[in-house]
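Notes follow the structure.
The values are calculated or read from the model by the stated rules, or taken from the named source; none is laboratory data. Computed from a predicted structure; not experimentally measured. Here the Cβ positions follow ideal geometry from the backbone for every residue, glycine too, while neighbour counts run over all protein chains shown. Just the protein is used for accessible areas: all its heavy atoms, side chains included, with ligands, DNA and RNA removed. Shrake-Rupley method; radii C 1.70, N 1.55, O 1.52, S 1.80 Å.
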Amino acid sequence: TQSGHYGQGMRIQEFQITLPLTVEEYQVGQLYAVAEASKAETGGGDGVEVIKNEPLVGHEQFGDCQYTKKIYHLEHKVPRWVRAFAPAGSLHLYEEAWNAYPYCKTVLTNPGYMKDKFTLSITTWHKPGRGSIENVHDLPAEKLAQRKVVKIDIANDEVRPADYKPEFDPTKYSHERGPLSDKWQEQCEPVMTCYKLVECEFIWRFLQTRVEDYIMIAERRLFTNFHRQVFCTHYQWKDMTMADIRALEDATAEELKDQRTNRGLQGTTDNK
């Protein structure tokens, strides 16, 4: 169905993002772009606060993985109509992520205000190919029937004017593997796809549909902009190792502490 609803309120969408990279390359590129995007979004009290970033061995569900815990401070990054019902100090999302690459699981909650009435989980498989795997997450029939599939084209999908950066435009990318044409997905080698299953529930009478719609639109915007950046910084990160990435993450966590306190607001906003 097109509704993307499951049971009483769960909204389910699977975003499929195809990229002209190998699965191994994307592991480095994704983490590099997360660090860079976090810095671009942090300042004026808002943005990303890294609480933990550590390896776990033999996790009961995910095996050996990298565990991160972050707080997203969103006071100025949400629309006015969200701020209207959210009391001061409530717009903090807590994120836990288990990166057992090529599988990743991310869970966002709002324990201070919404508690168990809000959940947002993102389950991702990174696979070779052009997005042709029908049910990569092994969803049961009832969830599969409710899932809405959204394919993202990093070169040709529309980007908001406020989000557009020419340096992150794959149709203008002049380095190796660029620029991307109209039919790049059919022709490019190497090629891989991120299958991001987003499950969201916001239990609040009269606001549930509006908030869940907003979250899914925001996720599509985030995935589109982020993966344009991943590809268009390929020339910057292509020779980095995972050890280089961990060192970058440690340095970034310290920078974020300083930026959130001492720099003005910057990055994505939504003042509708």
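Scanning segment 104-126 for residues that are surrounded by 15 or more Cβ atoms within 10 Å (Cβ to Cβ) and not polar (S, T, N, Q) yields Cys104, Lys105, Val107, Leu108, Met114, Phe118, Leu120, Ile122, Trp125, His126. State all residues of segment 7-41 that are in a helix (DSSP H, G or I) and among the hydrophobic types (A, V, I, L, M, F, W, C); if no residue qualifies, say none. Selection gives Val23, Val28, Leu31, Ala33, Val34, Ala35, Ala37, Ala40. Can you confirm whether segment 189-202 contains a residue that is modelled with pLDDT of 95 or more and more than 29 Å from Gln146 (Cβ to Cβ)? Yes - at least one qualifying residue is present in segment 189-202.
Considering segment 231-263, and only residues there that are of a type outside the set (Lys, Arg), assigned to a loop (DSSP other than H, G, I, E, B) and open to solvent by 60 Å² or more (accessible area, probe 1.4 Å), the residue that is farthest from Gln185 (Cα to Cα) turns out to be Thr241. Please verify whether segment 141-153 includes one or more residues that are more than 24 Å from Cys104 (Cβ to Cβ), among the acidic types (Asp, Glu) and surrounded by 12 or more Cβ atoms within 10 Å (Cβ to Cβ). Scanning segment 141-153 turns up no residue that is more than 24 Å from Cys104 (Cβ to Cβ), among the acidic types (Asp, Glu) and surrounded by 12 or more Cβ atoms within 10 Å (Cβ to Cβ). Kindly indicate whether Arg228 is under 27 Å from Ala97 (Cβ atoms), in contact with a helix residue (DSSP H, G or I) (Cβ under 6 Å, 6 or more places away or on another chain), crowded, with 17+ Cβ neighbours inside 10 Å and of a type in the set (D, E, K, R). So Arg228 fits the description; yes. Restricting segment 69-103 to residues that are acidic (Asp, Glu) and closer than 30 Å to Val136 by Cβ leaves a set whose member that is surrounded by the fewest Cβ atoms within 10 Å (Cβ to Cβ) is Glu96. Is it fair to say Gly58 is at pLDDT 85 or above and at positive phi? In short, yes.
Which one is most open to solvent (accessible area, probe 1.4 Å) among residues in segment 28-68 that are of a type in the set (Asp, Glu) and more than 17 Å from Asp244 (Cβ to Cβ)? Within segment 28-68, the match that is most open to solvent (accessible area, probe 1.4 Å) is Glu60. So is Ile51 among the β-branched types (Val, Ile, Thr) and in contact with a His (Cβ under 6 Å, 6 or more places away or on another chain) or not? For Ile51, the condition - among the β-branched types (Val, Ile, Thr) and in contact with a His (Cβ under 6 Å, 6 or more places away or on another chain) - is not met. Only one of the numbered conditions (1) closer than 19 Å to Glu219 by Cβ; (2) in contact (Cβ under 8 Å) with a residue 60 or more places away in the chain is violated by Tyr101, and that is (1).
Candidates in segment 1-27 are the residues that are at pLDDT 90 or above and of a type in the set (A, V, I, L, M); of these, the one that is farthest from Met242 (Cα to Cα) is Ile12.
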